[in-house]
């Protein structure tokens, strides 16, 4: 039993602290550089130090209808793929947690395949299948592709929470006369709610940022990553790409922050397991 | 009514199992495994070179083509890169994960975890592009290297035939840096999760029994955290194997698997050869996953 973990936090050796913060710096400096380059007046090369400072790219980005169309499309795709992943992932987690059945061990294996196999495999497999059946490439083919690799994130989060949940709560609820639906709504759901939210956010992020599978499953649709990819080959618009990236990062910071807070409060019992 | 359904279901656990497992299983089997199987079948067809049409007849000829020296070279190059990136990421990630898991009070921990996951949320492509800015000839890294007076050392590195090139942005060395950067969070998170699960009592017991901190780390913490490293390596290895964006935007003109597959199916329209080429990573990853599962890495995902 750990009563107060914060007072027991040991002091890190200096070398470890330096290595850790060097790692963090390595992760974040490139992102800051994008922020910096949104201000460059230099359209064609990557000169450093910047030759000057300008704010005109923000105005130009605002007027780019194609950019905002692709943002909307990405949000829609991610929302629907996340919704599908929430349902399929939590159903699979419930089945694996509740019952023992033949092939149970293979379920995690099957679900983890789409993110464990290189994205290009999923992409080309889906493209060949969709093309082979003469199904037109559309919004829905993108969603179908994204859902395959989003399911596992929700599944992992929810299953982990189920395993930490006390089975006695469910038994108590049933003993006190609640039916399965009431037990689910009043006991199980509140327990897994934050896991669903955290898994959902991660699934949303995966889908929102996905480019490899999407290049294979999209038709004429341009999601935000595909838009950025197409921008990379058109040097004139590079600073606009930076502005777009900066907006995306600022918008997504809030949900990730909230989801971390939600799971942090419920995960401090971790590490106590025998 | 609800009570009746509830009782009905309670008495039939098999039915409940099928109701819960049915939808996800159906989806994954039909959409995912179905597509993979279809791809496998396609790899046994071949492309008629003159007409440019796919002939739906069983042949091993397409697989034979993946063993042509040019394609073998692509496999070797990609696998070596994936191994190098995985090792590098483990080296950078472990101290950071260890620091977060063991030496930070809860508040700081929340912030650090956010700091590690935040790059995953920002566009992957733009982060690749950021490195294009950094690695470019007139870019920030050259400026910094010049400032330190290390231009000679860089030129020497770029002069090594296997990893060098005309500039960092156009060399395998530059690609390696970018790969390691892009997949790093995928390595940190599973290691940190695994380290969090190492029971405090074991660490205390070890030091009570007279082990020095370094000894405890080597004999207690590291073995228990190793599944996390394996779990992370699944991502770094597999993502490097299949990526075509980074080789397309940075490296020299030498192909990686993803790029080869992309161009075979796209511009060449040779779906059978593209399919056969992807079977390489599929086999490598399935073997990798089976070993990883044996080592308990799936619990650390």
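Read-outs: derived from the displayed coordinates by stated rules, not from any lab. These figures come from a predicted structure and were not determined experimentally. Methodologically, a virtual Cβ is constructed for each residue, glycine included, from the backbone with ideal geometry; neighbour enumeration extends over all protein chains shown.
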Projected label distance in nm at residue A:66 and residue A:191, using a 7 Å step from Cα toward the beta-carbon: 5.2 nm
The range B:154-301: relative contact order as a whole-number percent, Cα under 8 Å and 6+ apart: 26 percent
Computed over the protein assembly as shown, Kirkwood Rh from alpha-carbon pairs, angstrom: 25.5 Å
Whole-angstrom gap from the range B:156-180 to the range B:69-136, using each part's C-alpha centre: 18 Å
Averaged over B:35-44, number of beta-carbon atoms from partner chains that fall within 10 Å: 5
For A:9, B:267, order by how many other beta-carbon atoms lie within 10 Å, fewest first: B:267, A:9
Mean ellipticity per residue at 222 nm, deg cm²/dmol - from DSSP H runs of n ≥ 4 across chain A, formula -39500 (n - 2.57): -24000 deg cm²/dmol
Residue exposure sequence - B:157, A:27 - by fewest surrounding Cβ within 10 Å: B:157, A:27
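Add -39500 (n - 2.57) for each DSSP H run of 4 or more in chain B, then divide by its residues: what number comes out at 222 nm, to the nearest 500 deg cm²/dmol?
Calculated mean residue ellipticity at 222 nm is -23000 deg cm²/dmol.
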Selected from A:120, A:33, A:144 as most flexible by GNM, with chain A as the system and alpha-carbon contacts under 10 Å: A:33
Footprinting exposure proxy for B:85, B:282 (fewest neighbouring C-beta atoms within 10 Å first): B:282, B:85
Estimated FRET transfer efficiency (residue A:58, residue A:165; beta-carbon r; R0 41 Å; 0.05): 0.30
Span from the the range A:22-66 Cα centroid across to the the range B:245-301 one, whole angstrom: 32 Å
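Could you work out the relative contact order of chain A, using alpha carbon pairs under 8 angstrom and six or more residues apart, expressed as a whole percent?
Computed value for chain A: 29 percent relative contact order.
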Relative contact order %, the range A:112-245, counting alpha carbon pairs below 8 Å whose residues are six or more apart: 37 percent
